[in-house]
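Have a look at the structure below before the remarks.
The values are calculated or read from the model by the stated rules, or taken from the named source; none is laboratory data. Keep in mind the model is a prediction, meaning the values are calculated, not measured. Cβ coordinates were reconstructed from backbone atoms using ideal geometry, including for glycine residues, and neighbour counts include every protein chain displayed. Each accessible area value is taken on the protein alone, full model and side chains, heavy atoms only, with ligands, DNA and RNA left out. Shrake-Rupley method; radii C 1.70, N 1.55, O 1.52, S 1.80 Å.
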Amino acid sequence: KDHEPLKVMISGAPASGKGTQCELIVKHHNLVHVSAGDLLRAEVSAGTENGIRAKEYMTKGQLVPDEIVVNMVKERLRKPDAQKNGWLLDGYPRSKSQADAIEAAGLRPDVFILLEVPDNVLIERVVGRRLDPVTGKIYHLKFSPPETKEISERLTQRFDDTEEQAKLRLRTHSQNVDAVLESYIDVLKRIDGNRPKEEVFQDINSLLVALLPDEVEASIGS
Ligand code: AP5
């Protein structure tokens, strides 16, 4: 049945599990996952002018300037697939000005999910994180180890995933989070992210299912 596509924002400190939860959300809800960090890393890998500039900020754990990030995200959300299937925006907005920019473009979420995880846990998650360049899947050496030896041998690490850099990212996050939350206080849902990823997902899924019309809700279940 036709229904208004869901529009979801997910936010939280570095390594709070945004990307991990997005993998699970997409599997169940078929939303278009738009990750500001992934879009930026794609520019960095491609060696574009924006990518070269962005990397300077990313290695220092600072916010990349709005003139690079804002249009990149807006353009992605306006593409037909995101308009048709709904979107799941991860890692944006990260400042009041980014929130204002997206609001001015008429892009407002049905729900704003905030993953809450204590700082000491975050650092351990960053340091053990690995990525599969073939599938894009996120792993953790201790908490979510690769399924096979073949995968384990091809895993890579992000250029900004040292303990030092994670601490800088965490500081940037703490400085900006309150201003962003203010813009979404009416749709804000706080989720305890310091639990196994399946448990975290169950809570998120219940929130999303409750936003669907009754007939769709019945077909997906909670
Ligand atoms: P971005 O890529 O968004 O990085 P981040 O916010 O630091 O978040 P992460 O990707 O590190 O973590 P995550 O929450 O996705 O956690 P994950 O699921 O991987 O941004 C990078 C940089 O780009 C920024 O510093 C900035 O410079 C720039 N940037 C991005 N957006 C911007 C914007 N809007 N404006 C300006 N600049 C911007 O999980 C982490 C690890 O923990 C994994 O190993 C995972 O397996 C494990 N894990 C996940 N969940 C659990 C669980 N429940 N239990 C145990 N382990 C778990």
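Give the separation of the Cα centroids, region 116-135 to region 1-38, in Å.
Result: 17 Å between the Cα centres.
Report, in cubic angstrom per residue, the convex hull volume of the C-alpha atoms of region 84-202.
147 Å³
Using only protein heavy atoms and a 1.4 Å probe, report how much of Tyr57 is accessible, in Å² to the nearest 10.
Using a 1.4 Å probe on the heavy atoms, I get roughly 60 Å².
When the convex hull of the C-alpha atoms of region 1-97 is computed, what volume per residue in Å³ does it have?
Each residue corresponds to 109 Å³ of Cα convex hull volume.
Pairs Lys96/Lys167; Lys27/Lys55; Lys55/Lys142; Lys74/Lys167; Lys79/Lys167; Lys142/Lys167: which are spaced more than 25 Å apart, C-alpha to C-alpha?
Checking Cα-Cα distances, Lys27/Lys55; Lys55/Lys142; Lys74/Lys167; Lys79/Lys167 exceed 25 Å.
Compute the convex hull volume of the Cα atoms of the chain, divide it by the residue count, and report the result per residue in Å³ as a whole number.
Dividing the Cα hull volume of the chain by its residue count gives 128 Å³.
Over the chain, with the other protein chains present, what is the accessible area per residue in square angstrom, probe 1.4 angstrom?
52 Å²
Using the Kyte-Doolittle scale, find the helices of the chain whose mean hydropathy is at least 0.0 and whose Cα atoms extend 18 Å or more along the helix's long axis, counting only whole DSSP H runs.
Going by DSSP H runs, the hits are 197-211.
Using 20 Å as the cut-off for backbone N distance, which residues of region 106-130 belong to the label zone defined by a point 7 Å from the Cα of Arg158 along Cα→Cβ?
Inside the label zone: 113-130.
Can you give me the % of accessible surface on region 1-131 that is carbon or sulfur? Probe 1.4 Å, all protein chains present, nothing else counted.
Solvent-exposed carbon and sulfur of region 1-131 make up 48 percent of the total.
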